[in-house]
1. Under a crude label model (7 Å from the Cα following the beta-carbon direction), how far is Y160 from I13 in nanometres?
2. Under 1.5 on a/c is rounded, so check that first for segment 42-163, then, if it is not, pick prolate when a/b is larger than b/c and oblate when it is not; a ≥ b ≥ c are the square roots of the alpha carbon gyration tensor eigenvalues.
3. Sorting R158, R16, R114, R53 on the 10 Å Cβ count, fewest up front, what's the list?
4. With the crude spin-label approximation of a point 7 Å out along Cα→Cβ, what separation in nm comes out for K96 versus I52?
5. What shape does segment 64-108 have by the C-alpha gyration tensor, where a ≥ b ≥ c are the square roots of the eigenvalues, rounded means a/c under 1.5, and otherwise prolate means a/b greater than b/c and oblate the rest?
6. What nm distance separates the two modelled labels at S103 and K145, each placed 7 Å from Cα along Cα→Cβ?
7. Does segment 95-156 come out rounded, prolate or oblate, given a ≥ b ≥ c as the square roots of the eigenvalues of its C-alpha gyration tensor, rounded meaning a/c under 1.5 and, failing that, prolate meaning a/b above b/c?
8. Using a Cα-Cα cut-off of under 25 Å, which lysines could be cross-linked to K96, ignoring same-chain neighbours fewer than 8 residues away?
Amino acid sequence: MDVNGTLVWYYKICKREVYLMSHGIVPDQEDDNIEIGRFIHENYYRRNDKEIRFGNVVFDVVYQDGNKLVIGETKKSSKFLEASKWQLMYYLKVLKEAGIEASGVLQYPEERRRVEIKLTDENIKELKKIEAEIIDITNSKVPPKIEECIYCKNCAYREYCYA
Ligand code: SF4
């Protein structure tokens, strides 16, 4: 399985989620968190933004700011800001590898907040490590052990992990 931005996001939340997602174990589709995320994606930015596929990654928001390309992600809450930053930096790295310099922006419509993201050499090194670990996790025969964390309470996999 190819590494993609969603797996990078999950990696920063919970490595077990990386395994479950990559093995097609679908989370609870009735979960409110999933429903709200889909709603925001489909409604808040539908008229202004395009979804662009580039290789195995998809950007929620792409626009030109002067002569600079800006890509972005729309999220329902900045609660997962750190994971979202790494997801977007992964996209910036994919573009950079294709010779396209870009910057990023995270948009939180419910909070009326924007966070600008830039890719550094240090980030690129860290992303390479993350990619290698994601590949190890997805190739593993068993999921990583449950490590209870602050995200378990609202995780769509909680029934699967704790039933
Ligand atoms: S419930 Fe907790 S351990 Fe299980 S996938 Fe979600 S965050 Fe990870």
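1. It is 1.1 nm.
2. Numbers: a/c = 2.13, a/b = 1.35, b/c = 1.58.
In terms of gyration-tensor shape, oblate.
3. Numbers: R158 15, R16 21, R114 11, R53 8.
Ranked by crowding around the Cβ, least crowded first: R53, R114, R158, R16.
4. 1.8
5. Taking the square roots of the gyration eigenvalues as a ≥ b ≥ c, segment 64-108 is oblate.
6. 4.4
7. Since a/c reaches 1.5 but b/c is at least a/b, the shape of segment 95-156 is classed as oblate.
8. Partners within reach: K12, K50, K68, K75, K85, K118, K125, K128, K129.
Read-outs throughout are calculated quantities, based only on the coordinates presented, and are distinct from any laboratory measurement. Given the structure is predicted, the values throughout are model-derived calculations rather than measurements. Neighbour counts are summed over all protein chains in view; Cβ atoms, including those assigned to glycine, are modelled from backbone coordinates with ideal geometry.
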